[in-house]
1. Can you put 165, 176 in order of accessible area, largest first, using a 1.4 Å probe?
2. Using a 1.4 angstrom probe on the protein heavy atoms only, could you order 91, 13, 253 from most to least accessible area?
3. What ³J(HN,Hα) values, in whole Hz, does the Karplus curve 6.51 cos²θ - 1.76 cosθ + 1.60 give for the stretch 201-211 when θ = phi - 60°, with x put for Gly and Pro?
4. Can you list the residues, at least 5 places off or on another chain, whose amide H is less than 5 Å from the amide H of residue 134, using H built in the peptide plane?
5. Taking H as built 1.01 Å from N, whose amide H comes closer than 5 Å to the amide H of residue 239, not counting residues under 5 places away?
6. Might you work out the accessible area of residue 108 for me, using a 1.4 Å probe with all protein chains in place, and round it to the nearest 10 Å²?
7. Nearest 20 debye, what's the magnitude of the dipole of the chain about its Cα centre given +1 on Lys and Arg Cβ and -1 on Asp and Glu Cβ?
8. How are the Cα pair distances of the chain distributed, in percent, across 10 Å bins from 0?
Amino acid sequence: MNRKPIFAANWKMNKGASETEDFVKSFLSKLQGQDFPCEIVIAPPFVSLPKLADMLHNANAVQNAHAIQIAAQNCSQFDNGAYTGETSVLMLREFYVHYVIIGHSERRSIYGESDAIINAKIKKAREANLKPIFCIGETLAEREGGMLETVLRTQLTDGLKDISEKDLLETVIAYEPVWAIGTGVTATSDQAQDAHAFVRSVLKDLYGAETAARIRIQYGGSVKPNNAAELMACPDIDGALIGGASLEPQSFMEIIRNGCGHSA
Ligand code: PEP
């Protein structure tokens, strides 16, 4: 099955507009003339979306430049109204946003997002034709307690409740073991591949084999230039969601280059 890998930078609460501008200038100059067989996505903080949209709208129009898609790091499950501090999917659409990260473990653990809220956000994103990057993953205690498969199955089943096959096909799953996020500890390629194969088997139970085989599953958790190639060589890993190592244009570029099978 031919699944185009997708490499997404999750900047979290880093880089305002001027740092975004510096990054994009540098990254675009490195990207010049390159044609990687993958999708490249950047998810900046909300306040930097206008700057990113502006710069990429011009750059993406230039022939011979690899397109970069824009993602938001979160969205509201509501349309509009009295939801202080929230951002709606339609507001995101104004800034050429294609993807939205939903259910990141930091949203789950710090902001108390439940599987039901995540499910509502996925539905809202699809109503606006945004593509969810739906994050799942277990804590270390859950893994060590033998709960890995139960946790992943529950997150997938509840997060995708009443999501149609058509909408699932526009969704990317990001498997991110919580213990590997921002810790410098990466899952081994065997651990990652086993978890990805399990995720795909749950998708098969929910949507059938043909659909499951078409869904892209990213790995996230301390992906770096020196481990990208080995992780991306696993048959069920279709790209990466990258936090810390995406903050520097050079390391983000090297992850893409190494992960796409090009020499560094
Ligand atoms: C993330 O936050 O999605 C992530 C994978 O972070 P890091 O690459 O820093 O572990």
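1. Details: 165 90, 176 10 Å².
Highest to lowest solvent-accessible surface, that is 165, 176.
2. Working: 91 95, 13 180, 253 0 Å².
Reading off the accessible areas and sorting them downward yields 13, 91, 253.
3. Taking θ as phi minus 60°, the curve returns 5, 5, 4, 5, 4, 7, 10, x, 5, 5, 5 Hz for the stretch 201-211.
4. 102, 172, 173, 174
5. Answer set, sorted by chain and number: 6, 219.
6. Solvent-accessible area, nearest 10 Å²: 40 Å².
7. On the way: 25 positive and 32 negative charges, 82 e Å.
Once rounded to the nearest 20, the dipole reads 400 debye.
8. Taking every Cα pair in the chain, the percentages come to 7, 32, 38, 20, 3, 0.
The values are calculated or read from the model by the stated rules, or taken from the named source; none is laboratory data. These numbers come from a predicted model, not from an experiment. Cβ coordinates were reconstructed from backbone atoms using ideal geometry, including for glycine residues, and neighbour counts include every protein chain displayed. Just so you know, the surface numbers come from the protein's heavy atoms only, side chains and all, with ligands and any DNA or RNA stripped out. Shrake-Rupley method; radii C 1.70, N 1.55, O 1.52, S 1.80 Å.
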